[in-house]
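Below is a structure I'd like to ask you about.
The values are calculated or read from the model by the stated rules, or taken from the named source; none is laboratory data. Small disclaimer: the values here were computed from a predicted structure and weren't measured. As a convention, Cβ positions derive from the backbone with ideal geometry for all residues, glycine included, and neighbour counts pool all protein chains shown.
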């Protein structure tokens with residue numbers, strides 16, 4: 001038996017132990033066979049910036065509880081999901097695990113050659129974080145948020161939609177705000193305050209009302225007053241201890257039912273694709289994970305994915321602002337490693353229709 005086959009067999013055995021453990025948490029102890037003989041195996045993680053506050057801690061606990069593994073911060077990269085997957089697909093960056101903030105991206109940018117499957121493990125709605133010292137935002141709430149954002153002097157932070165799904169999620173939230181009674185008089189008023197270009201087309205941030213910034217910088221920009229507010233994921237607001245207001249379900253991209261799917265799909269924009277402009281439509285925010293084909297240690301990647309889906313980890317995710325999905329949803333269920341299949345079910349057909 002080759003070393004790689006031996007490691008994969010070990011993972012299957014470990015996952016059987018995990019699944020049999022029920023809801024108590026992570027039960028694997030000391031059984032992982034490192035890929036490099038007696039030395040420890042390093043877990044390499046590439047993930048969406050939103051996961052930066054939580055994955056390092058999860059990786060550290062995973063390593064502590066599974067001897068033979070190390071998960072140093074230096075082996076973890078956090079950036080926009082689109083940029084991450086392009087680095088894996090085009091530049092052959094090598095990670096044992098890749099996790100993104102839009103479940104449609106792994107099928108689009110990696111499958112079938114760069115990855116064989118994805119597991120959707122959590123949702124995370126949009127909220128509005130803000131600097132409470134900005135007088136125009138005094139009394140901000142989930143009803144008046146859209147009108148207050150358009151007050152003179154309010155500067156909104158926005159992400160680059162062509163490299164980060166947060167960027168187009170912000171656009172969708174603003175487009176959808178025009179029809180939920182939140183103070184916007186028509187479907188384009190909020191959007192056109194912050195962006196140039198027709199609704200549904202390429203969106204160019206208006207320099208008078210916006211500042212383009214990566215998600216990782218949002219907290220610092222809010223605290224220093226460099227921007228007044230940022231539309232961002234709830235988990236980021238909680239992990240960064242920022243003031244925020246929840247948004248109505250009609251705009252927060254957090255509802256996974258058929259009504260939410262139908263509503264969100266009415267929003268659209270165009271981003272820079274590999275061969276020109278690419279149309280993207282609104283969808284619930286769903287986080288997905290895979291083990292790339294070029295993973296340095298696929299067995300270790302599968303083991304960490306199982307850990308990410310474990311009951312104790314779901315509790316951590318929930319406390320951080322995510323809504324865990326259990327069992328996880330698989331876009332290519334038949335392609336899953338056999339042990340991971342016990343932790344998942346096929347992706348519901350309404351969501352599967354959004355892929356491609």
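Given the criteria assigned by TED's automatic domain parsing to the domain that holds residue 223 and either in a helix (DSSP H, G or I) or within 30 Å of residue 205 (Cα to Cα) (or both), does residue 266 qualify? Reasoning before the result, please.
Values: assigned by TED's automatic domain parsing to the domain that holds residue 223: yes; either in a helix (DSSP H, G or I) or within 30 Å of residue 205 (Cα to Cα) (or both): yes.
So residue 266 passes the test.
Taking the options 95, 130, name whichever one is surrounded by 20 or more Cβ atoms within 10 Å (Cβ to Cβ) and assigned by TED's automatic domain parsing to the domain that holds residue 167. Working first, answer last.
Details: 95 fails: assigned by TED's automatic domain parsing to the domain that holds residue 167.
Answer to the check: 130.
A quick yes/no check of all residues on (1) farther than 30 Å from residue 77 by Cβ; (2) in contact with a strand residue (DSSP E or B) (Cβ under 7 Å, 6 or more places away or on another chain); (3) at pLDDT 95 or above:
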| site | (1), (2), (3) |
| --- | --- |
| 214 | no, no, no |
| 230 | no, yes, yes |
| 235 | no, no, yes |
| 243 | no, yes, yes |
| 246 | yes, yes, yes |
| 275 | no, no, no |
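Moving on to the next point. For the range 315-340, name all the residues that are touching a strand residue (DSSP E or B) at 6+ places or on another chain (Cβ under 7 Å) and assigned to a strand (DSSP E or B).
The answer is 323, 324, 325, 327, 328, 329, 330.
If you don't mind, there's one more thing I want to ask. Which number in (1) in a helix (DSSP H, G or I); (2) within 19 Å of the chain's Cα centre (by Cα); (3) surrounded by 21 or more Cβ atoms within 10 Å (Cβ to Cβ) marks the one condition that residue 289 misses?
The number of the failed condition is (1).
Condition check: more than 16 Å from residue 171 (Cβ to Cβ) and not assigned by TED's automatic domain parsing to the domain that holds residue 102. Does residue 207 satisfy that? Working first, answer last.
Working: more than 16 Å from residue 171 (Cβ to Cβ): yes; not assigned by TED's automatic domain parsing to the domain that holds residue 102: yes.
Answer is yes for this residue.
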